[in-house]
Structures are given as structure tokens and as C-alpha cells.
Amino acid sequence: MSIQGVSVDADLFVRAAGGDERAFGELFERHVQAVWNHAYRLTGSWAAAEDLTSNTFLIAWRKRGELKLVRDSALPWLYTVAGNLARTEHRGARRRLRLLTRIPGAAPVPDHAEAVAEQVDGQARLRAVLEAVRGLPKAQRQVVELCLLGDLSIADAAALLEVAEVTVRSHLSRARGHLRALLDEKPLEDQ
């Protein structure tokens, strides 16, 4: 299963599932930048994107025998894992912040790295979009994360989610309408 001497993901994952670390390393090198970019678009933070990317590939290594390829590509599965990890981290951060506000005199200490990251052009807009995406119904959020944030084709997203392409298109259309409405009603200065 090679294309001009380059193994496809399916072949690499079969070899990796058998314990071939070099095959998994090749998969990592092939997809790490795309997964990091996706994680950054989900979180709006360079550090969080690095952590999510590392954890995504750790899970991929642990579950390499269970991985579901879409059109012989591991990328849709990796995007899904990164999205799940991002949501889990977001929920955990909200819980920690709520706990801190309950402790008398324990105000959160501002993080210098976050202050610097906030100055990057477009960061406020990205966070507003991500917050709006988190508020979408699950089916719409999934297709937005895969197709708009993850740059997957509608066909690949439909295959991964095991739904018809028309369903993905419908969810995308509704999600775009919801996002437009949510983002138009909130001025960026308030965020």
C-alpha cells in the first residue's frame, strides 16, 4: 500500500498497531502540523495547542489498533480526538475558575504568557468564534470543528460521523447562520 514509495496512513497504522514505532513516527511527522493547527483553532492558545497535539498523538499510540481511518487517512480521527480533548480541557478550566472564585481572597493570578498571547492580532476574534462554536448544538458543533476548523471535506466528515453528506451540509448551513447571529450581536470590545 504505497504511493510512489510513500506509505499511506492505513499501511502505517497497520504496522504501528503491530508495534512498529518508525511507522507511527512517520504518521506523526505527516500529521503533527495539521493537528497542531486544528488544536490552535480550537483553543486560541499556542501552549494549549501543543498540549492537545501531544495528548492527541499519545491517545493515537495507545489506541492505534482501534483507529478508524476515513478514506485511508488518520487525520479525521486525529481531529476528532483533539476536539474531544479541547472540550474536556475547557470544561475543566471553567470548573477550576469557579472553585477559585469560591475561595476567599484567592483571586486568579494573571499569567504573563496569556497577556502576551492576547496581543496577537485576531486573537480576540478567534476566541469569540470558538466560544460561539462551543454554544452550538452537538451535531452542528461537530461538523464545524471537522469541516470549518479542521478543513475536512464534507464527504470525509460524513464518513467519519456516519451520516449522509446532505446532513453535514445542512448542519453546516445552520451552524453558519447561528454563528453569524451570535457573532454579530456581540461587539468584540466586550469580550
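Worth pointing out:
- For Gly92, the conditions (1) surrounded by fewer than 18 Cβ atoms within 10 Å (Cβ to Cβ); (2) closer than 22 Å to Ala155 by Cα are fulfilled apart from (2).
- Those residues of region 133-160 which are over 15 Å from Ser173 (Cα atoms), outside any helix (DSSP H, G or I) and among the aliphatic types (A, V, I, L, M), in sequence order: Leu152
- The set of residues from region 30-46 being polar (S, T, N, Q) and under 11 Å from the mean Cα position of the chain (by Cα) comprises Asn37, Thr43.
- Evaluation of Gly150 against the conditions (1) under 19 Å from Thr80 (Cβ atoms); (2) surrounded by 11 or more Cβ atoms within 10 Å (Cβ to Cβ); (3) at pLDDT 85 or above shows that the sole unmet condition is (3).
The values are calculated or read from the model by the stated rules, or taken from the named source; none is laboratory data. Keep in mind the model is a prediction, meaning the values are calculated, not measured. Cβ sites come from the backbone with ideal geometry, for glycine too, and all protein chains shown count toward neighbours.
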